[in-house]
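Below you'll find the structure, written out as structure tokens, and then a few comments.
The values are calculated or read from the model by the stated rules, or taken from the named source; none is laboratory data. Every value quoted in this text rests on a predicted model; they were computed, and no experiment measured them. For neighbour counting, all protein chains shown are included, and Cβ atoms are generated from backbone atoms with ideal geometry for every residue, glycine included. Just the protein is used for accessible areas: all its heavy atoms, side chains included, with ligands, DNA and RNA removed. Shrake-Rupley method; radii C 1.70, N 1.55, O 1.52, S 1.80 Å.
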Amino acid sequence: MISPAAQIGKNVSIGENVVIEDGVKIGDNVIIGHNVVIKKDTVIENEVHIHDLTTLGRYPGTNKKMARKPSLTLSPLIIQTGAVIGSNCVVYRGVHISEGVFIGDLASIRENVRIGRDSIVGRNAIVENKTTVGERVTIQTGSYVTADMIIEDDVFIGPCFSSSNDKYMGMGNYAHAGPVIKKGAKIGNNATLLPSIIIGEGAIVGAGAVVTKNVAAKDIVVGNPSKPLSKNTKTSAD
Amino acid sequence: MISPAAQIGKNVSIGENVVIEDGVKIGDNVIIGHNVVIKKDTVIENEVHIHDLTTLGRYPGTNKKMARKPSLTLSPLIIQTGAVIGSNCVVYRGVHISEGVFIGDLASIRENVRIGRDSIVGRNAIVENKTTVGERVTIQTGSYVTADMIIEDDVFIGPCFSSSNDKYMGMGNYAHAGPVIKKGAKIGNNATLLPSIIIGEGAIVGAGAVVTKNVAAKDIVVGNPSKPLSKNTKTSAD
Amino acid sequence: MISPAAQIGKNVSIGENVVIEDGVKIGDNVIIGHNVVIKKDTVIENEVHIHDLTTLGRYPGTNKKMARKPSLTLSPLIIQTGAVIGSNCVVYRGVHISEGVFIGDLASIRENVRIGRDSIVGRNAIVENKTTVGERVTIQTGSYVTADMIIEDDVFIGPCFSSSNDKYMGMGNYAHAGPVIKKGAKIGNNATLLPSIIIGEGAIVGAGAVVTKNVAAKDIVVGNPSKPLSKNTKTSAD
């Protein structure tokens, strides 16, 4: 079902069983797979490729226990020129996906998130709300990027990374703060960052490290809890 | 395709390309998204919201190597009043989802599981079979709740939690036992619990901890393997 | 929409809103769920079961930042007799799924992968490209199997396993090398393997271990970084 109130550009390929709701705008040379759902007001620019069985522009839900208010004022989802969205993804309203971004299959991205130019969000990766991802960032497969987090340009995050933003673990009403990963830092696979940790510019966090304190620029940390590598020690990250 | 043998209540909104099989019962004021599949006999009470591209009431499968017998006697999936099920979820037959429960996108819940009132199962989280989840529990995004596990009321589990129930790792026929997490305990992100571990009432497991022994009520443990924090030490969990 | 250029065997059950593209070949006694997408040239042998909302035969995508070239020469996806594919899965072109394999819901398998007979890939598990999985292997739920990895016969991998193949974390053009897990080795839940690590035949890696060096045949390692257990110590893996 393609809403007659949707605007569709030139040379757009649309698969079978696709739903395009009211107010959707689609540019030229866009490819949309089968069984895709594009919700109200979503904006898709030129040369975008949406794979099968993906939902775009979903509104946040809520239940009694969750603090969050329904965000009725979210701006539409925008997917800029040349971006690719994988199969079976869920991307919310209020997300800005910049030019050339690549989103892997089964990934999901919550509201109030901006993904910068040419960044990659791996398959099965999750980006929570109110998080900013810079340009040319790689977030590998299965990584969990918590809410209220800042990832600067050229950061590399290995697979299965985990972060959190709630140091009192659900105790109530107070400000949540996710980690900040500064420009060019690299995080190894299955590393864990505690809430509000700052990873300095160009720092390296080893695979499996559990980071409980800030890491200075260019430092290399490993272990649980993570500690700086001695400067004389050769490491697998050298 | 909506089976003529399904019962649909008043003021039900059903999206495009939805499949509702025989024997399904849907209450009043229910919202069902696009491309949803609702399998045989599923019961959905009033004011439930099912998001797009979700499968409800799936039967377990099996192969030659898997011990499990097909569970032909599973009771239907029941989703009680006011529950919300996200996009691209897979919920099995034999599951009981209580009032006010919130299930995130891309989550999956296996057969013979009960989720108590007002609990949250985060996006991409997985709950295995024969597990019981209490009331007002939070299981955050990407967590893995193994089979044969008990999670009591008011437990908080951070993102990317991992558990297991098979201490001989696939060696054969013997009883599997998942961990037990007692009332009000809190588990940090990316923590790992070994099979049959008991986490005491109100205990706290730090982020990234690998728990190889039982944790007493109100104790705080961190590290790999996890050890109690000294009582004089301030921690990020205090 | 079922392409008239597809070949469909005897006694095939096809759900609602299914898309079967040109050149697909389906054997006898196959069951295909609702809202399934089967892309060009996919070969499905006899007695295969495909659950709902799954994509089969997807082509790899790419963006500017990714090194990979589009693989226009990939052979079709082949799913051999008696295999089961779960709900909401994404399986690529260029994959060979052998007889009796079981793929859980929400799993995804990239191109140039072979899964051996009677192996299990758990729900939400991910297998990257150019990886080989032997026979009778178990890869449990939520595990991440990186690219360029070799998993030999009878290996057991617990839930939430993580691996990587890129020891310079995105620094540029050089050979990537995933771990090798030799015959019959067992890996505990949420263990982390660094790139190109070799796990010897019959070795055991404890839950939550971070493996930074090769593990000899039959050795047992635990901790972060992992170290061999002393031979006099009783362990949960004994």
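Some points to look at:
- Among beta bridges that DSSP assigns inside the range A:1-118, antiparallel share in %, nearest 5: 0 percent
- Residue-wise HN-Hα couplings along the range A:14-22, as the Karplus relation 6.51 cos²θ - 1.76 cosθ + 1.60 with θ = phi - 60° gives them from phi, are 10, x, 7, 6, 8, 10, 10, 7, 4 Hz; Gly and Pro carry x.
- Across A:Lys227/B:Lys227; B:Lys183/C:Lys227; A:Lys218/B:Lys227, pairs whose alpha-carbon gap is larger than 24 Å: B:Lys183/C:Lys227; A:Lys218/B:Lys227
- Hits among aspartates and glutamates - C-alpha to C-alpha of B:Lys40 under 17 Å, sequence gap 8 or more where chains match: B:Glu21, B:Asp22, B:Glu111, C:Glu16, C:Asp52
- For chain B, built as a Gaussian network whose Cα springs stay under 10 Å, the top-fluctuating residue of B:Ile14, B:Ile79, B:Ile115: B:Ile14
- GNM top mover of A:Tyr92, A:Tyr144, A:Tyr168 - chain A, alpha-carbon springs below 10 Å: A:Tyr168
- Long-range HN-HN contacts of A:Lys167 with modeled amide H, under 5 Å: A:Ala177
- Amide H within-cut-off set for C:Arg93, under 5 Å, with H built and near neighbours excluded: C:Gly57, C:Arg58, C:Tyr59
- DSSP bridge orientation in the protein assembly as shown - percent antiparallel, rounded to nearest 5: 5 percent
- Remark: chain C carries 37 Å² of accessible area per residue (probe radius 1.4 Å; ligands, DNA and RNA excluded).
- Accessible surface buried once B binds C (1.4 Å probe; total of both sides; Å²): 3300 Å²
- For the range A:122-137, backbone phi angles converted through the Karplus equation (6.51, -1.76, 1.60; θ = phi - 60°) give residue-by-residue couplings of x, 4, 6, 6, 10, 10, 7, 6, 6, 10, 10, 10, x, 8, 6, 8 Hz, Gly and Pro being listed as x.
- Measuring nothing but protein heavy atoms, the accessible surface of chain A at 1.4 Å probe radius is 51 percent carbon and sulfur.
- Placing R0 at 51 angstrom, the Cβ-Cβ distance between C:Ser75 and B:Ala216 gives a FRET efficiency of 0.35 after rounding to 0.05.
- Distant-in-sequence amide H partners of B:Ile8 (H built 1.01 Å from N, under 5 Å): B:Ile26
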